[in-house]
1. With a ≥ b ≥ c the root eigenvalues of the C-alpha gyration tensor of region 116-169, is it rounded (a/c under 1.5), prolate (a/b larger than b/c) or oblate?
2. Normalised radius of gyration for region 141-181, please: alpha carbon Rg relative to 2.2 N^0.38 Å, two decimal places.
3. Just from its helices, what would the mean residue ellipticity at 222 nm be for the chain, if runs of 4 or more DSSP H residues each count -39500 (n - 2.57) and the sum is divided by every residue, rounded to the nearest 500 deg cm²/dmol?
4. I want the local charge near LEU200. Using Cβ-Cβ distances under 14 Å, sum +1 for each Lys or Arg and -1 for each Asp or Glu among the other residues.
5. Based on C-alpha coordinates, I'd like the Rg and Dmax of region 83-202, in Å.
6. For Kirkwood radius over Cα pairs in Å, which listed value, (1) 17.9; (2) 21.4; (3) 19.9, comes from the coordinates shown?
7. Between region 1-77 and region 115-149, what's the alpha-carbon centroid distance in Å?
8. Apply the a/c threshold of 1.5 to the C-alpha gyration tensor of region 1-122 and tell me whether it is rounded, prolate or oblate.
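Each value in this text was obtained by applying a stated rule to the coordinates, not by laboratory testing. Note that the structure is predicted; figures quoted are calculated from it, not measured. With ideal geometry, Cβ positions are generated from the backbone for all residues, glycine too; neighbour counts draw on all protein chains shown.
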Amino acid sequence: MDLAAVFVPSRDEQHDALCSLLPAAPDEAFTAVELGAGDGTLARAVLGRFPRCRYVALDGSAVMRDRLTATLGARGEVRGFDLAAVDWREALPRPLRAVVASLVVHHLDGAGKRRLFADLARRLEPGGALLLADIVEPVDARAKALFARQWSDAARAQSLEVTGGLEAFEAFTAEGWNFYATTPDLYDQPSRLADQLAWLREAGFSRADCWWLRAGHAIYGGYV
């Protein structure tokens, strides 16, 4: 069972939005990098939309890198990386049209995100984009309660849609996946959306914005 299809609100819609925001024509040859590419779900979406894209997938897990290698084949390159380190940033391919990430950047604290945005802005070609799908920190208790309810409602509906029952939703609840309804894990460090947009603009992303928001999950980023 693909539990992410249950646990992540509107995952396919999120990936479609990311693909729609990529600054490239469908038949154009360009290079994109994904941070924390995981099992390759987003990679498949991008390559399905842009068949001439050269895709560089970064992941810290050897198991995931093996899966990515099988997924990408000759159309991409798989590399190991540590998100918080800086060495991989220096080795990014050029010219680089886009950097994408789904549910990855929230593992950095505010200072780490700010530096990441600045480092990536310097490596993107003119008109290039950093596009993120991630959870964001709510501005107050009311927003947190709203995000928690929306996420639980989405997971319940998706459990019924994907599996025909509520077993997956029960696993979602038992495993504490809803960041806004549980005691936060120190591994998760989402930042407020307004702060991240300010850091993006500071880094050189003159067109920084949020294009989609649901259940605390946002599609945001910017273009240099």
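1. oblate
2. Working: Rg = 10.4 Å, N = 41, 2.2 N^0.38 = 9.0 Å.
Dividing the Cα radius of gyration by 2.2 N^0.38 Å gives 1.16.
3. Theoretical 222 nm ellipticity from helices: -12500 deg cm²/dmol.
4. Values: positive: LYS113, ARG114, ARG115, ARG122, ARG192, ARG201, ARG207; negative: ASP119, ASP134, ASP195, GLU202, ASP209.
Once all neighbours under 14 Å are counted, the net charge is +2.
5. Answer for region 83-202, Rg first and Dmax second: 17.1, 48 Å.
6. The calculated read-out lines up with (1).
7. Here the two parts' Cα centres lie 18 Å apart.
8. rounded
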